[in-house]
């Protein structure tokens, strides 16, 4: 299988706090990996290193065959167009409307498109997340769930090959969180993306992940399907499943 | 080289923590300034955003600058009249007020108002963008936030402040004209004739040139404080506050340096 992201022996420290220790992970084309781990275990740091938002101390991260640390700013920007990132806080530009939030990355990265073509793409993307009616609203006028949907739409508007989700269901009520998880799965299939999702939400992990990775003590402690990890006898793995295993429909 | 690093180590050990942080911040601002000049020349040039920022930061500050400078022109004239009258020199009122406004009061007052209005708004805006990960979101969508957010704002403040200063000076002089006419009757033409006859290029030029530096300092400090905002919403407030304090202080320091340079060059 063709790999789209390869992380090998990744190390990252903040002062004396060694967050990632020889962490390795391979994401294959069309695959959706969910990374589980306790708060502060380095999950978000790992994906921020993968998109070049953070520098890592040592190791290797290859995205679509390109080594992140060897790229200059222009090459990195070009590669980032093929990656989408859904932030935990949605990170919508609060001075722009929903439509403008989607138009911004398009205008910056697809200067070849005419305004009408951009409008069509924005309409289609917002339709996909069920929010076309909110195109003229400001982020301050949106609910938490709507913000997550717009964040997802913005990540997808450039039709990326890889999408990183940083705790996409955190801070949402169980019903909205289920909706977002289902929407993620639907979009992964529709846009044919590969993805890495950081989550504590076991329901989200179960329905969106082909493979789960447990990030414990800075390493890739265990990986497998949801069922494989759920049936694991390892005490550290079991703790993930003792709380919050979703039974939502 | 070895001696240099030993010296730095020694200084690090001997200095109190507060001073160390201050020195580190000064170094960071230096790096931030160098990065600004490096990014300034790089494509894309973001003309559209620069124009938008000129409108938001410059044009929208115009009412506040206008009202304040008008009042200062008026008050300065009313308060100077009794002193000049005592010496029988009230005829010098337009010239004295004109020189005061053009040389010093206009640029410094406008810069201080802008430090409060523009500096705090840039500090708070960037701080809020930083803590809500909007700057990161911009970066991962292939846009350099330093170039798009920081460089454009610094360019806008650098070029809009002189415009505001010139406009503010004109409004302050009009306020002064009204002030003169409270206790006397002087025609509009005569008032401005007296003002301009007393003015020389040496009065206007250094004041105009230093206003570029005032604008640069306001934009730079506001952006630096916001861009390095930390600790959530509390940090945003702190960024806005320190942007105003530091840029106001810098305005006086630049003013002092500008006066010394003008004096050294004989432009007085």
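For the range A:3-242, how big is the tail of P(r) above 32 Å, as a whole percent of Cα pairs?
19
Say each of residue A:217 and residue B:202 gets a label point 7 Å from the Cα, pointing the same way as Cα to Cβ; how far apart are those two points in nm?
According to this spin-label approximation, the distance is 7.8 nm.
Between the range A:41-94 and the range B:71-110, what is the separation of their alpha carbon centroids in Å?
Answer, in whole Å: 59.
Could you work out how far apart the two model spin labels at residue B:7 and residue B:190 are, taking each label as a point 7 Å from the Cα in the direction of the beta carbon, and quote it in nm?
Each label point is offset 7 Å from its Cα along the Cβ direction, giving 6.5 nm.
Shape of the range A:10-123 from its Cα gyration tensor (a ≥ b ≥ c, root eigenvalues): rounded if a/c is under 1.5, otherwise prolate when a/b > b/c, or oblate?
Note, shape of the range A:10-123 comes out prolate.
If the label point is 7 Å along Cα→Cβ of residue A:39, which residues in the range A:153-193 have backbone nitrogen under 12 Å from it?
Answer for this model: A:171.
Say R0 is 25 Å: what FRET efficiency, to the nearest 0.05, do residue A:192 and residue A:115 get from their beta-carbon distance?
Here the calculated transfer efficiency is 0.40.
Could you put B:136, B:263, A:119 in order, starting from the residue whose Cβ has the fewest other Cβ atoms within 10 Å?
Least to most surrounded, the residues fall as B:263, A:119, B:136.
Between residue A:241 and residue A:170, what length comes free when the chain is fully extended (0.36 nm per residue of separation minus the Cα-Cα distance, one decimal in nm)?
Using 0.36 nm per residue and subtracting the Cα-Cα distance, I get 23.8 nm.
Cut-off 10 angstrom, C-alpha nodes, Gaussian network model of chain B. Which of B:127, B:168, B:237 fluctuates the most?
B:237
Could you tell me which of rounded, prolate or oblate describes the range B:25-75, using a ≥ b ≥ c as the square roots of the eigenvalues of the alpha-carbon gyration tensor, with rounded for a/c under 1.5 and, failing that, prolate when a/b is larger than b/c and oblate otherwise?
oblate
Nearest 10 degrees, 0 to 90: what angle lies between the long axis of helix A:144-156 and the longest principal axis of chain A (Cα atoms)?
Its long axis makes an angle of about 80 degrees.
Mind giving me the nanometre distance, one decimal, between the label points for residue B:29 and residue B:86, set 7 Å out from Cα along Cα→Cβ?
4.0
Taking the 0 to 90 degree range and rounding to the nearest ten, how far is the long axis of helix A:174-191 tilted relative to the main principal axis of chain A, both from C-alpha atoms?
80
Springs between alpha-carbon pairs under 10 angstrom, Gaussian network model over chain B: which of B:13, B:22, B:193 fluctuates most?
Among B:13, B:22, B:193, the largest mean-square fluctuation in the Gaussian network model of chain B belongs to B:13.
Mean shadow of the range B:47-265, computed from the convex hull of its alpha carbons, in nm²? Present the calculation step by step, with values, prior to reporting the outcome.
Numbers: hull surface 54.6 nm².
Quarter of the Cα hull surface area: 13.7 nm².
Cα gyration tensor of the protein assembly as shown, axes a ≥ b ≥ c as square roots of the eigenvalues: rounded (a/c below 1.5), prolate (a/b > b/c) or oblate?
Verdict is prolate for the protein assembly as shown.
Working from the pairwise distances between different alpha carbons, so that the mean of 1/r is found and then inverted, what is the range A:121-249's Kirkwood radius in Å? List each step's numbers first, then the result.
Details: mean 1/r = 0.0635 Å⁻¹.
Evaluated over the range A:121-249, this radius sits at 15.7 Å.
I need A:56, A:93 ordered by Cβ neighbour count within 10 Å, fewest first.
By the 10 Å Cβ count, ascending: A:93, A:56.
Using 15 Å as the cut-off for backbone N distance, which residues of the range B:19-57 belong to the label zone defined by a point 7 Å from the Cα of residue A:107 along Cα→Cβ?
Correct set: B:45-56.
No lab work stands behind these numbers, since they all come straight from the coordinates. Everything numeric here is computed off the predicted structure, so don't read it as measured data. Cβ atoms come from the backbone with ideal geometry, glycine included; neighbour counts cover every protein chain shown.
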